[in-house]
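See below for the structure under consideration.
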Amino acid sequence: MERTLIIAKPDAVQRGLVGEIIRRFEARGLRIVGMKFMQVSQELAEQHYAVHRGKSFFEPLVKYITSSPVVVMALEGTNAVAAARMTIGATKPNEAAAGTIRGDFALEIGRNLVHGSDSVENGQAEVSLWFSEAELVSWPRNNDPWIFEG
Ligand code: DAT
Ligand code: MG
């Protein structure tokens with residue numbers, strides 16, 4: 001089953017939007033297989049955003065994600081990566097559609113509330129970077145047959 005890594009970033013935690021954000025992914029049908037509340041280290045932040053190293057926004061981005069605790073989730077489901085990206089909305093909140101998390105709750109790119117993996121490969125890699133095997137739980141959900149046809 002496809003997996004994606006979701007982070008409710010420091011602004012989401014500080015603004016009390018964590019429940020709202022989790023609610024949207026749950027309602028979408030994605031199955032939670034990992035979740036934790038944590039302070040992100042400089043090292044983990046730099047690894048997670050390694051693809052952006054050297055860009056003008058890299059340092060502010062690392063500073064933002066390490067500034068305050070986050071809630072990190074591993075979610076599973078059919079097309080989990082694309083589905084979660086649609087639920088999150090465009091990177092620039094001013095371009096995010098109403099009805100998406102960013103479109104409903106954010107205004108600026110540097111305070112865009114949520115991270116979601118951007119490809120199936122990155123979903124796998126990011127879940128492995130943020131969670132140990134012991135922190136991930138495989139479980140059959142009672143309503144799976146009403147969400148997953150296969
Ligand atoms: P996303 O978070 O939608 O996957 P991304 O992976 O391209 O977007 O970039 C990671 C984060 O970096 C993004 O959430 C906000 C910040 N960022 C991206 N492009 C930026 C830019 N041009 N100026 C400022 N911050 C930017
Ligand atoms: Mg990204």
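Brief remarks on what is shown
- Full-extension gain in nm, Arg28 to Lys55, via 0.36 nm per residue minus C-alpha separation: 6.4 nm
- Full extension of the segment from Ala134 to Gln47, taken as 0.36 nm per residue of separation minus the current Cα-Cα distance, would add 29.2 nm.
- Against the rule of thumb 2.2 N^0.38 Å, how large the Cα Rg of segment 2-139 comes out: 0.97
- With a threshold of 18 Å on the Cα-Cα distance, the over-threshold entries among Lys9/Lys36; Lys36/Lys63; Lys9/Lys92 are Lys36/Lys63.
- Test item: Cα-centred dipole of segment 28-150, Lys/Arg +1 and Asp/Glu -1 on Cβ, debye: 320
- Largest GNM mean-square fluctuation among Ile101, Ile88, Ile22, using the chain with Cα springs under 10 Å: Ile22.
- Dipole of the chain, positive end: most advanced residue of Val72, Leu107, Gly34 [Cβ charges, Cα centre]: Leu107
- Helix 120-130 vs. the chain, principal-axis angle (Cα, 0 to 90°, nearest 10): 70
- Gained length - Gln124 relative to Gln39, 0.36 nm times residue gap less alpha-carbon distance: 28.4 nm
- Compactness of segment 62-150 is given as radius of gyration and Dmax, 14.9, 43 Å, from Cα positions.
Since every read-out is calculated from the coordinates, none of them should be taken as a lab result. Everything numeric in this text was worked out from a predicted model, so none of it was measured. A quick note on method: Cβ atoms are made from the backbone with ideal geometry, for glycine too, and the neighbour counts reach across all protein chains shown.
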